[in-house]
Amino acid sequence: MDKLYLPILNFCRSEFRIKKLNSPFGVAFLLSFSLLISYLIAEKGILSGALVVTGVAGSLVAAISFVHPKTGFTFVFIFSTFLAFITRVLQADLPFGVAKDALLFIVLLGLFFKRIKNRDRINFFVKDPIFIWVLILGVYTMLQLVNPEGTPIGWLTGFRVFLGSFMAYLILYDLFDDFKYIYFFTKMWLVIAIIGAAYGFYQEFFGLPSYDIAWVTASETRIGLNFIMGRWRKWSIFSDVVVFGLMMAFTGIFCIVFALGPVKLKYKLGALLLAGIMLVAMVYSGTRTAYAIVPAGLLLYILMNAHTVRSIVFALVGATLFAVLIYGPFYHPSIIRLRTAFIGSEDASLSVRDENRAMIQPYIHAHPIGGGLVTCGEPGKRFSPGHRLAGFPPDSSYLETALEQGWIGLFIKLLIYYLVMATGVKNYFSAKSPPIKLMYICYLCGFFALTIAAYAQTAVLQVPLAFIIFAIHVIMSKLIQFDESPEVERIFKKFQ
């Protein structure tokens, strides 16, 4: 195999990376490519030229992803995160999701061949209970094909979504053998969160661009969900206001907990500034679930560090600030909506949700394996028309799982979440390295908040949150391997 692709790889590296096409081959390549594009545009129109450019670029990305899986997954993460924004700007629903799954498969294939080449073990996961139960969930999801209540197209659609998630999990499980990539991954989603917050502020203070207006007014449903109290809620670069709100909440929790750790004052202040930016952007999203999970995530930090003076002082200061925010003389529409998440009120939407859950409980009791994948909600109308659950709004990741995969599927999912939390807590108290303990507590508090958000929202498994959740599954198991590692101490030396 090396004899086949190594000469080609070395040639490409020489021409594209070292010489940067500044060679006879480069001139010939660019000239031929330009002539081809010009001909296609002249004969077939601009769309044909664009498709060729996309195809060539995609082929290069695929080749790089196979040879350099870390680069490939990084591209997939960034591309997936900006996918909704790109489709809004282009005002076209292009099949980017298929491209994302294809790239994930190529990255996974590259890792697989790399392990074979290096003669590494393939059964490296056999002692990891989280991994084992994720595999069990995969087998259970596959067996949903024979669920008599389900539909073939619904199963195919749902299994493809799970398969993409599972491939991402496998890739992260391999890549996180390197602590530097865990650190890089953390910085990557943090930068994306900062970009998201910045664009959310832009939407708030400068108004929605024309492509955002076109998207949000495309249906009465979107208008009803996003225009509240005479103002547009903000969704930034993400797929909707809920993903934006939850992403900001998660990042805000992470930054606050980081600031409470053993880091220099300037980094504490920087983290607190970032947390403030994230939480204000979260308010602009108008997502009440996001408002509610911030105290929950910080409460976990207080409980896990109740023996320290720092934690007690933080609890008192936090409670004071929270009381000022809820009962202070602030009457901005976003603040008023925030208060409704904590102060009891007659919420019509909440009452409807409670009624729907009570009404559907008999169905869950009677169907232990559920009604089949992608059978409820709006997707159920599209992929499983005529199904008993089609059109029923789950309004909860847990309820959606119970409806489509039964209480057995819900049990497996909750067990995985429990194992993630239990493993993280155990390793947090076992770790001796302050940087490792800090990363554990930061991710633990954020993950705990997202598990609570899953009770009220289905968006917790949308990108980029889905990738972050899968990453946390792996981090809770693997981070302890780097306890007191010289590499970790070297990376975190600037913070201490």
Q) Of the residues THR141, THR157, THR151, which single one is under 19 Å from HIS473 (Cβ atoms) and of a type outside the set (Lys, Arg)? A) THR141
Q.
Given the criterion touching a Pro at 6+ places or on another chain (Cβ under 7 Å) and in a helix (DSSP H, G or I), identify the matching residue among VAL460, VAL488, VAL474.
A. VAL488
Q) Mind checking which pairs have a first residue in region 178-197 that is farther than 23 Å from LYS234 by Cβ and of a type in the set (Lys, Arg) and a second that is part of a helix (DSSP H, G or I) and open to solvent by 10 Å² or more (accessible area, probe 1.4 Å), Cβ under 8 Å, 6 or more apart or different chains? A) LYS180/GLU487; LYS180/ILE491
Q: Give GLY164, GLY207, GLY110, GLY158 a once-over and let me know the one that is among the small types (Gly, Ala, Ser) and at positive phi.
A: GLY207
Q) Which condition does LEU279 not pass, out of (1) over 20 Å from the mean Cα position of the chain (by Cα); (2) closer than 25 Å to ALA193 by Cα; (3) open to solvent by 20 Å² or more (accessible area, probe 1.4 Å), if it passes all the others? A) (1)
Q) So which pairs qualify, if the first residue must be in region 199-215 and more than 12 Å from PHE244 (Cβ to Cβ) and touching a residue at least 60 places away in the same chain (Cβ under 8 Å), the second must be in a helix (DSSP H, G or I) and open to solvent by 30 Å² or more (accessible area, probe 1.4 Å), the Cβ gap must be under 7 Å, and the two must be at least 6 apart or on different chains? A) TYR211/VAL89
(Q) Yes or no: region 195-203 includes at least one residue that is at pLDDT 90 or above and in contact with a strand residue (DSSP E or B) (Cβ under 9 Å, 6 or more places away or on another chain). (A) yes
(Q) So VAL294 passes all but one of these: (1) buried (at least 21 other Cβ atoms within 10 Å of the Cβ); (2) more than 11 Å from CYS445 (Cβ to Cβ); (3) aliphatic (A, V, I, L, M). Which condition number does it fail? (A) (2)
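For residues that are in a helix (DSSP H, G or I) and either in contact (Cβ under 8 Å) with a residue 60 or more places away in the chain or touching a Cys at 6+ places or on another chain (Cβ under 8 Å) (or both), scanning just region 378-395, find the one that is surrounded by the fewest Cβ atoms within 10 Å (Cβ to Cβ).
My answer is PRO379.
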Q) For region 435-451, does any single residue satisfy the condition of being surrounded by fewer than 16 Cβ atoms within 10 Å (Cβ to Cβ), without any contact (Cβ under 8 Å) to a residue 60 or more places away in the chain and either hydroxyl-bearing (Ser, Thr, Tyr) or in contact with a strand residue (DSSP E or B) (Cβ under 8 Å, 6 or more places away or on another chain) (or both)? A) no
**Q.** Selection from region 358-367 of residues that are open to solvent by 50 Å² or more (accessible area, probe 1.4 Å) and under 29 Å from the mean Cα position of the chain (by Cα)
**A.** none
Q: Return yes when LEU373 is touching a Gly at 6+ places or on another chain (Cβ under 7 Å) and modelled with pLDDT of 90 or more and no when it is not.
A: yes
(Q) Against the conditions (1) buried (at least 20 other Cβ atoms within 10 Å of the Cβ); (2) part of a helix (DSSP H, G or I), where does LYS426 fall short? Just the number, please. (A) (1)
Q: Please go through region 204-226 and pick out each residue that is at pLDDT 90 or above and of a type in the set (D, E, K, R).
A: GLU204, ASP212
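Which one of these is hydrophobic (A, V, I, L, M, F, W, C) and within 23 Å of MET167 (Cα to Cα): PHE411, PHE492?
Checking each option against the conditions leaves just PHE411.
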Q. Considering region 297-322 alone, what residues qualify as being open to solvent by 40 Å² or more (accessible area, probe 1.4 Å) and within 25 Å of ARG233 (Cα to Cα)?
A. LEU321, PHE322
**Q.** Number of the exception - ILE408 against (1) crowded, with 24+ Cβ neighbours inside 10 Å; (2) β-branched (Val, Ile, Thr); (3) over 21 Å from the mean Cα position of the chain (by Cα)
**A.** (1)
Q) Is there a residue being in contact with a helix residue (DSSP H, G or I) (Cβ under 6 Å, 6 or more places away or on another chain) and at pLDDT below 90 anywhere in region 241-256? A) no
Q | LYS413 being touching an Asp or Glu at 6+ places or on another chain (Cβ under 9 Å) and either open to solvent by 10 Å² or more (accessible area, probe 1.4 Å) or not β-branched (Val, Ile, Thr) (or both) | A | no
**Q.** Every residue from region 61-108 that is under 17 Å from the mean Cα position of the chain (by Cα) and not in a helix (DSSP H, G or I)
**A.** PHE82
Q) Got a number for residues in region 101-119 being under 17 Å from LEU175 (Cβ atoms) and either open to solvent by less than 80 Å² (accessible area, probe 1.4 Å) or touching a residue at least 60 places away in the same chain (Cβ under 8 Å) (or both)? A) 12
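The values are calculated or read from the model by the stated rules, or taken from the named source; none is laboratory data. Small disclaimer: the values here were computed from a predicted structure and weren't measured. Cβ coordinates were reconstructed from backbone atoms using ideal geometry, including for glycine residues, and neighbour counts include every protein chain displayed. To get the accessible areas, we keep the full protein, side chains included, count just its heavy atoms, and leave off ligands, DNA and RNA. Shrake-Rupley method; radii C 1.70, N 1.55, O 1.52, S 1.80 Å.
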